[in-house]
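J.: Before anything else, here's the structure in question.
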Amino acid sequence: MILWRPDDSVAVRGFPGAASFGFTRLLRERKGRGFVCGLAGIFRLDPTADAGRDAASMIDALSHRGPDGSGIWSVPGFSVGHRRLAILDTSPAAGQPMLWRRDPSGRSGAIAAERARDLPSGSTVAHALVYNGELYNDAEIRHDLARLGVEFRTRSDTETVLAALATWGTGAIDRFRGMYALAFWDSASSTLLLARDPLGIKPLFTATAGSADRAEFLFASETTALLRHRGMTAAPDPVVVSSYLTTIRTTLGARTLYEGVRLVDPGHVLTIRRGGGTFDIRVSTSASTVSAGSSRDGPASGRSVRDGVEDSVRRHLRSDVPLCCLLSGGLDSSIIASVGRSHSPEGLNTYCCGADEASGGSDDFAMARLMAERLGSRHVEVRVTRSLFRERWEGMVERLGVPLSTPNEVAINEVARHLAADGYRVALSGEGADELFGGYEAVMQACAGHLSGSDDGSWRRTGGAFHLGLASWVPVEAKDTVLVPGMIEAGEHDEALRARYDAVFERACDGLPDDQGLHAHLRFQRAVNLHGLLLRLDQATMLESVEGRTPFADIAVAGLADALPSIRLYTPAVNGEPTTMNAKICLRESFASDLPEAIVRRPKASFPLPFQEWVQDMAGVVQQTPAGREWFTPASVAAVTRHASRAWSFAWPMINLAIWSRRFA
């Protein structure tokens, strides 16, 4: 076994049966801030090839996600690595990769890879796991496994996930309630299992490199880690580049902005084996569902919603390290903070980030202050200035290796930077409530209009196109004013984008009668909009080694929301504009007594930063980059350069792509 130390000195230690356990690389970090987990690995078609060194390069690209510890475990043909944020059980015994060993005596159990040398001769490694996330029904699953004779040695949920997969196989995934991306190796069959949680809270990317008998299947928490592999070439995917201009989403289904790099879809399970001179990759979906079926027709229950949200927040509070709440002063974050405070006898720290009203920002600070006073929380305000916005924006694109999606990623990153400096490793956030419970008043009113104009049931066929038009930054119809003809051809005239939206809305309609069209629109928002917000939260917080948790974006809470009748979610405005009280009706009523009335009635504020004005400061970048010279039309470059603030819906995605395109210069 090789032990890597911070000063890069190397010590070699042997142990009985070393060949059975593989190569383990362990990096001891100096003490610092908290860290967010990251994973990466390589599965080679050649079962005799060494993959350890290449995997080490990939995992090093994820240093900002951790670790409190780091390790790589390898056997011929396969290598997997992990960078750790120690949230539950911070002891070395809970480190990753984690192995499931079988002793000559017949006993089995989990052990951190770094302790494999302590196993008796003759022991074998049956499975290995790297895991990024948190399991919120850890206690229930441990109870079931203990009844089957499983003995636990740590309090880490990583051990629970490993034991469950070792005991129940892929069926264990259907039992998990939480956020996760995981890679599970079965030694006997040389099979790799990749899985991602049903709502897509934690990311997992894949790619293939090499050819013929030298082919390699790669996986990692970020695209930047995949691109560290010497067999990968960073090339843009024009289809997703064009899609990004319209949607400001860095993925299109499983496709990413990098050609050949794929995102594992939420709730999907990939099983990868060697076979027939190539990889046999099979895709399935977990049985977890957020649909409640016929219960939607039953009576609405505000009590069940309140109980469900409180239960989720309580589960999300589980941590062995300091935890805080993000508090914008809106309904969603105020509910999370209120419930969190009731379960935090020692008090709660809350953080708000935004721009002052004098700078054109929202009233987030005033409302968050009002809620913090109600809670008695230790409250911190973090301000984003115009100059800081520019600096962070450009820096984040360069560090993440992808454009930003929404402008308030900068605010999320800045508040994560501050709370990390204060010693917090975990932050609860309010993502998910709007997509599950019918928020965004104007959007919901437009959805109601789409349904009322389709009495013949045609809303099922036109829903995808409706949402594409509703959320467009650069409309598909205007694409020829932005992209040169060659890019339009390479982007296949946005046919994949249209097809994707149609397919997602068609799936959202599954099992719904004609009078439940509003649920189809919400399911679409959950599949597309929420997934994008969760990716945004992960990448903005993980840059500062902070784990973002989302109690609303929980599979059990989502099931409760999907079971409510439409009238308990949103009521369309008959005359005039919709108001706050038309939206998230059940959620608002369930927690009204806990919140100041001003927050209960506060309208949704989607972009707390005045980015429409601030984009002008970065407009000149477009002219100086490959995108400006090769992708965009001269007329669009000139218009954005001169009038970015007026043409902000074009300027934001174009400037982001321009910064990102430097990678291909």
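J.: Evaluate the following for Leu609: is it within 22 Å of Gly329 (Cβ to Cβ), crowded, with 23+ Cβ neighbours inside 10 Å and of a type in the set (A, V, I, L, M)? I'd like the intermediate steps shown before the answer.
T.: On the way: within 22 Å of Gly329 (Cβ to Cβ): yes; crowded, with 23+ Cβ neighbours inside 10 Å: yes; of a type in the set (A, V, I, L, M): yes.
It is true that Leu609 is within 22 Å of Gly329 (Cβ to Cβ), crowded, with 23+ Cβ neighbours inside 10 Å and of a type in the set (A, V, I, L, M).
J.: Right, next: Can you find, within region 426-449, the residue that is farthest from Ala573 (Cα to Cα) among those that are buried (at least 22 other Cβ atoms within 10 Å of the Cβ) and of a type in the set (Gly, Ala, Ser)?
T.: Ala427
J.: Let me ask you something else. Suppose we filter Ala112, Ala139 for residues that are surrounded by 21 or more Cβ atoms within 10 Å (Cβ to Cβ) and either under 29 Å from the mean Cα position of the chain (by Cα) or not β-branched (Val, Ile, Thr) (or both); which single one remains?
T.: Ala112
J.: Right, Leu518: outside the structural domain of Val622 (by TED's automatic domain parsing), over 26 Å from Val640 (Cβ atoms), in contact with a Gly (Cβ under 8 Å, 6 or more places away or on another chain) and aliphatic (A, V, I, L, M) or not?
T.: Against the criterion (outside the structural domain of Val622 (by TED's automatic domain parsing), over 26 Å from Val640 (Cβ atoms), in contact with a Gly (Cβ under 8 Å, 6 or more places away or on another chain) and aliphatic (A, V, I, L, M)), Leu518 qualifies.
J.: Also, I was wondering about something else. Pairs only if they're at least six apart or on different chains, beta carbon under 9 angstrom, first in region 319-347 and free of Cβ contacts under 8 Å to residues at least 40 places away in the same chain and closer than 26 Å to Val384 by Cβ, second of a type in the set (Val, Ile, Thr) and crowded, with 21+ Cβ neighbours inside 10 Å; list them, first residue then second.
T.: Final answer for the pair search is Arg341/Thr350.
Listed here are the residues, each with its yes/no results for (1) touching a Gly at 6+ places or on another chain (Cβ under 6 Å); (2) surrounded by fewer than 24 Cβ atoms within 10 Å (Cβ to Cβ); (3) at pLDDT below 95.
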residue: Arg147; (1), (2), (3): no, yes, no
residue: Arg153; (1), (2), (3): no, yes, yes
residue: Val161; (1), (2), (3): no, no, no
residue: Ala166; (1), (2), (3): no, yes, no
residue: Arg177; (1), (2), (3): no, yes, no
residue: Ala195; (1), (2), (3): no, no, no
residue: Lys202; (1), (2), (3): yes, no, no
residue: Asp213; (1), (2), (3): no, yes, yes
residue: Ala220; (1), (2), (3): no, no, no
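J.: Ok, one more. Return the residue satisfying two criteria in turn: it lies in region 53-67 and is touching a strand residue (DSSP E or B) at 6+ places or on another chain (Cβ under 7 Å) and surrounded by fewer than 23 Cβ atoms within 10 Å (Cβ to Cβ), and of such residues it is farthest from Ser187 (Cα to Cα). Break it down into steps so the answer makes sense when it comes.
T.: Within region 53-67, the subset touching a strand residue (DSSP E or B) at 6+ places or on another chain (Cβ under 7 Å) is 54-56, 58-59, 62-63, 65-67.
Filter once more, so that each one left must be surrounded by fewer than 23 Cβ atoms within 10 Å (Cβ to Cβ): 54, 56, 63.
Numbers: Asp54: 20, Ala56: 21, Ser63: 28 Å.
Per the criteria, the residue is Ser63.
J.: Which of the residues spanning region 479-526 are among the basic types (Lys, Arg) and over 25 Å from the mean Cα position of the chain (by Cα)?
T.: Within region 479-526, just Lys479 meets the criteria.
J.: Related question: Quick one: Arg507 ticks every box in (1) surrounded by fewer than 18 Cβ atoms within 10 Å (Cβ to Cβ); (2) in contact with a His (Cβ under 8 Å, 6 or more places away or on another chain); (3) touching a residue at least 12 places away in the same chain (Cβ under 8 Å) except a single one, so which number is it?
T.: For Arg507, the failing item is (2).
J.: So, one more: Restricting the search to region 519-562, which residues are outside any helix (DSSP H, G or I) and farther than 24 Å from Gly401 by Cα?
T.: Answer for region 519-562, where residues must be outside any helix (DSSP H, G or I) and farther than 24 Å from Gly401 by Cα: Thr550, Pro551, Phe552, Ala553, Asp554.
J.: Restricting attention to region 450-474, report how many residues are surrounded by 15 or more Cβ atoms within 10 Å (Cβ to Cβ) and in a loop (DSSP other than H, G, I, E, B).
T.: The number of residues fulfilling the criteria is 5.
J.: Can you confirm whether region 570-593 contains a residue that is basic (Lys, Arg) and either surrounded by fewer than 18 Cβ atoms within 10 Å (Cβ to Cβ) or part of a helix (DSSP H, G or I) (or both)?
T.: Scanning region 570-593, I find at least one residue that is basic (Lys, Arg) and either surrounded by fewer than 18 Cβ atoms within 10 Å (Cβ to Cβ) or part of a helix (DSSP H, G or I) (or both), so the answer is yes.
J.: Starting from region 536-560, take each residue that is closer than 17 Å to Ile336 by Cβ and list its partners that are in a strand (DSSP E or B), counting only C-beta distances under 6 angstrom and pairs at least six apart or across chains.
T.: Filtered contacts from region 536-560: Leu537/Gly548; Thr541/Gly548; Val546/Ala427; Glu547/Val426; Gly548/Ala427; Arg549/Leu428.
J.: Any residue in region 394-403 that is touching a helix residue (DSSP H, G or I) at 6+ places or on another chain (Cβ under 8 Å), more than 30 Å from Tyr258 (Cα to Cα) and outside any helix (DSSP H, G or I)? Don't jump to the end; show me each part of the working.
T.: Of region 394-403, the ones touching a helix residue (DSSP H, G or I) at 6+ places or on another chain (Cβ under 8 Å) are 394, 396-403.
If we keep only those that are more than 30 Å from Tyr258 (Cα to Cα) as well, we get none.
No, there is no match, as no residue in region 394-403 is touching a helix residue (DSSP H, G or I) at 6+ places or on another chain (Cβ under 8 Å), more than 30 Å from Tyr258 (Cα to Cα) and outside any helix (DSSP H, G or I).
J.: Right, another one. Go through region 423-449 and give me each residue that's closer than 17 Å to Glu381 by Cβ and either modelled with pLDDT of 95 or more or not in a loop (DSSP other than H, G, I, E, B) (or both).
T.: Ala427, Ser429
J.: Note down all Cβ pairs under 8 Å where the first residue falls in region 384-403 and is within 18 Å of Ser63 (Cβ to Cβ), the second is of a type in the set (Lys, Arg), and they're at least six residues apart or on different chains.
T.: From residues that are within 18 Å of Ser63 (Cβ to Cβ), the pairs are Glu398/Arg662; Gly401/Arg663.
The values are calculated or read from the model by the stated rules, or taken from the named source; none is laboratory data. Fair warning: this is a prediction, and the values are worked out from it, not measured in the lab. Note that we place each Cβ from the backbone using ideal geometry, even for glycine, and neighbour counts take in every protein chain shown.
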